[in-house]
Each structure stands twice: as structure tokens, then as C-alpha cells.
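Please read the structure below before turning to the comments.
The values are calculated or read from the model by the stated rules, or taken from the named source; none is laboratory data. If you're wondering where the values come from, they're calculated on a predicted model, not measured in any experiment. Cβ coordinates were reconstructed from backbone atoms using ideal geometry, including for glycine residues, and neighbour counts include every protein chain displayed.
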Amino acid sequence: MKNIILLFSALFFCTINFAQKKWTADGQVSLDQFSSWQPRNIGPAGMSGRIVAIDVVEKDPSIIYLGAASGGVWKTENSGASWTPVFDKAPIQNIGAIAIQQSNPDVVWVGTGEGNPRNSLNIGKGIYKSLDAGKTWTLMGLEKTRNIHRVRIDPTDPNTVYVAAIGNPYAPHSERGVFKTTDGGQTWKRILFVNDTTGCAELVMDPSNPNKLIACMWQHYRQPWRMQ
């Protein structure tokens, strides 16, 4: 019993002493000390490894591309034994979709902006295209779509590409729906639009008839306190 009383007494005096300790501010920290710091990727995605897009070279399945919600595009050429970031020089690292042109795997399309509306959604800035297997990338437009959830390439005509845009999740927005190019991304035409709060959440292509597509449209609106 004495040991218990002594223990509680010691804890009491330690608590009192800690509560009476005075804290002093060190002053404002200058941002100049961080001027030499350079940003860099430290792995696929920075939010619990959220991989949102994947595509594989069918003729060589050891080559895989992954897209992270907030961590850029990663590539492996040894079936996943090692990965290399290939999108670091792009101005946006939020990925929503990846599509490889299987007739020429050097051509890769990347749609930016995560297409999964959630509590922490990452906005994108258009669709990018690589002609050299991910070494360099070119912005091909659709910057105002904000979030691209799927990219489909016509296997019979690789210049024909379809893009499913979920659009701005935070406000009514006209740049959403399904977009199509027939000249490899030089120009785009919106071919499906419902209204300014409904985007395309999924787009599938009939493998036996690329002219037949099914689009899943989703009306949603993300507010600070709820999603409807």
C-alpha cells in the first residue's frame, strides 16, 4: 500500500512541475533556409500508396505502367522487380488514367486528375502523350476537364482516342463527359454531355467492334461537408 501511495505522490509532483514550466517562442522561421531544397518523388503515391491506373504491354508483359493519385507515373521493365518514375518533369503529378497503344507500345497516353471523387481529390491538368515509351511527354489538351478517369484507344486506328472526363467535383462545370480525337490528340470534340454536374465515370470499348462504346455517367457534387 505504501508503494502505491509513493508512486501516486511522485506522479502528482511530476505533473505539477511540468505544468509550471514556462515555454518561450523561438520566433518566426524564415523560409529562406528552404530556398535550396528541390522537390522529388519518393515513391508511387504519397497517400497510402493509392494506385489508380495501370496498363501492360501485351507483347511484353514485363513492361508495366502505373499511375498514382498524387505520385506521377511509374514504369517497370522487369515485371515489377524495380520501378522508375517517368513523369517527374510534368507540371502535374495527379494521375487518373493510363493507356498504351498496343500496336506501338512506345506511344503512351496519360490522363491527369484522379477520377475517384473522395475526401481528398487531386485535380489534374489535361491529357499527355509520350512517343518514346515515357522518356518525354507532350500536353495534348483537355486542361479544363480537371479529372480524367479513363482513356480508350481504337485498336484499328490509334489516332482515334476516347477520354472519359469526370470533371470538376466541386462546382458545376461544362468541361466533362466523353471526348474524342481522330487526329492523335491535335483536336478534340465532346461527343457525350449530360449536364454540368454529370461526368463520365467509366468508358468501355467492345473489343470486337471499337465503334461500340458504353459510357457510365455519374452525377455528383463534392461539398466541404458532404458529397451528393
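Would you mind stating whether S174 is surrounded by fewer than 16 Cβ atoms within 10 Å (Cβ to Cβ), small (G, A, S) and either closer than 24 Å to V107 by Cα or modelled with pLDDT of 95 or more (or both)? Answer is no for this residue. The residues listed here are V151, V163, V194, V110; of these, the one that is of a type outside the set (K, R), in contact with a Leu (Cβ under 7 Å, 6 or more places away or on another chain) and either farther than 21 Å from G67 by Cβ or crowded, with 17+ Cβ neighbours inside 10 Å (or both) is V163. Picking from residues in region 53-76 that are without any contact (Cβ under 8 Å) to a residue 40 or more places away in the chain and hydroxyl-bearing (S, T, Y), the one that is surrounded by the most Cβ atoms within 10 Å (Cβ to Cβ) is T76.
Selection of region 136-168 for residues being within 16 Å of V108 (Cα to Cα), among the charged types (D, E, K, R) and not in a loop (DSSP other than H, G, I, E, B) yields R150, R152. When region 110-169 is limited to residues that are among the polar types (S, T, N, Q) and in contact with a His (Cβ under 9 Å, 6 or more places away or on another chain), the one that is modelled with the lowest pLDDT turns out to be N116.
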